[in-house]
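The values are calculated or read from the model by the stated rules, or taken from the named source; none is laboratory data. These numbers were taken from a predicted model, which means no experiment stands behind them. Glycine also receives a Cβ, built like all others from the backbone with ideal geometry; neighbour counts cover every protein chain displayed. Protein only, heavy atoms only, side chains kept; ligands, DNA and RNA dropped before computing areas. Shrake-Rupley method; radii C 1.70, N 1.55, O 1.52, S 1.80 Å.
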Amino acid sequence: MASPRTVTIVALSVALGLFFVFMGTIKLTPRLSKDAYNEMKRAYKSYIRALPLLKKMGVSSILLRKSIGTLEVACGIVMTLVPGRPKDVANFFLLLLVLAVLFFHQLVGDPLKRYAHALVFGILLTCRLLIARQPEEQPAEKRAVSLDGEEQPCAPAGAPEKGKVKVS
C-alpha cells in the first residue's frame, strides 16, 4: 500500500499539473473559452504597459502571454505525466512563474479577487515541493550506530534486551 506521503504528492502533482495545462491553454488559444482568452489578452497588455523595460527589450504582450502559456502547459504536462525529479523542476519553474504573475497583478493594482487563484496555487506548489523534498520516513525498526561506525538493528521499544529475561 502506498504511503500517505506518496498519495499526497501524486494527488497534488496531477491536480496542479492539469490546472496549469488548462490555464496555459487558455492563454494560448480561444478554443476552451473565448471570454477567458480575451481577458488574458487584455491583462497581458496592461502588464506590458506597467513594465516599460519589457517593451524596450522588444517583448510584446503577445510574446509574454504565449511564453508564459507555453511554460505552463509544458510544466503542467511534466507534473502530470513524468515521474521522478523532473516533477520537482517543473514545480520550481511554476512556482517562479506564479511569483512573477503575483508581481504583475500587484504592479497594475489588481484587486485580490483577480489574483487569489494564483496565490492559492502558489501555496499548493510550495506545499507539494516541501513534501516532495522531505526525506523518507525511517522504518519502524530503528538502527543504532556502534562506536566503530557500524549500523546495528535496535530492539523495538519495550522489548527485553538480548540475553536478558524480563521479570514482572
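Some notes on this structure:
Matching residues to (1) in a helix (DSSP H, G or I); (2) modelled with pLDDT under 90:
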site: T6; (1), (2): yes, yes
site: S13; (1), (2): yes, no
site: P30; (1), (2): no, no
site: S46; (1), (2): yes, no
site: L53; (1), (2): yes, yes
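- Selection count, the range 128-137, where residues are in a helix (DSSP H, G or I) and loosely packed, with under 13 Cβ neighbours inside 10 Å: 2
- If you go through the range 72-88 and keep only what is open to solvent by less than 70 Å² (accessible area, probe 1.4 Å) and either out of contact with any helix residue (DSSP H, G or I) (no Cβ under 9 Å at 6 or more places or on another chain) or part of a helix (DSSP H, G or I) (or both), you end up with E72, V73, A74, C75, G76, V78, M79, T80, G84, P86, K87, D88.
- Pairs linking a residue in the range 79-91 that is within 13 Å of I9 (Cα to Cα) and acidic (D, E) to a residue that is open to solvent by 50 Å² or more (accessible area, probe 1.4 Å) and assigned to a helix (DSSP H, G or I), with Cβ atoms under 9 Å and 6 or more positions apart or on different chains, are D88/R133.
- Within the range 105-127, residues that are over 16 Å from L51 (Cβ atoms) sit with their Cβ atoms under 7 Å from residues that are in a helix (DSSP H, G or I) and open to solvent by 50 Å² or more (accessible area, probe 1.4 Å), at 6+ positions apart or across chains, in these pairs: G122/L99.
- So L63, is it more than 14 Å from the chain's Cα centre (by Cα) and aliphatic (A, V, I, L, M): yes
- Verdict on R65 being part of a helix (DSSP H, G or I), buried (at least 18 other Cβ atoms within 10 Å of the Cβ) and among the basic types (K, R): yes
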